[in-house]
Amino acid sequence: MVNFNVRFPDELIARVRIQATADRRSINSEILHLLEVALATVGEDAESPGGNSAAPAPLRGKPDSSPA
């Protein structure tokens, strides 16, 4: 397993913490679960009729965080 450091906004980590508690998981396990679910959904969208897997996902975050 690889260690990967990620910075989270305070509001987002608070939401993850609440969800982890509700699901009786550690925060790490909850983040892994959410990523797996999200990536599975992306794979399903690419296979659905009319799904455009070549189109990039919209950027999220602060407006100044987009690439130049």
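The values are calculated or read from the model by the stated rules, or taken from the named source; none is laboratory data. Just so it is clear, the model here is predicted, and its values are computed rather than measured. Note that each Cβ is placed from the backbone with ideal geometry, even for glycine, and that neighbours are counted across all protein chains shown.
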For this session: Would you please list the contacts, defined by Cβ atoms under 6 Å and residues six or more apart or on different chains, that run from a residue in region 20-42 that is free of Cβ contacts under 8 Å to residues at least 60 places away in the same chain to a residue that is among the acidic types (Asp, Glu)?
Result: ALA20/GLU30
Exercise. Just wondering, is there one or more residues in region 20-27 that are hydroxyl-bearing (Ser, Thr, Tyr), assigned to a helix (DSSP H, G or I) and modelled with pLDDT of 90 or more?
Worked result: yes
Problem set entry | Residue, farthest from VAL2 (Cα to Cα), within region 29-48, restricted to residues that are at pLDDT below 95 and of a type in the set (S, T, N, Q) | SER48
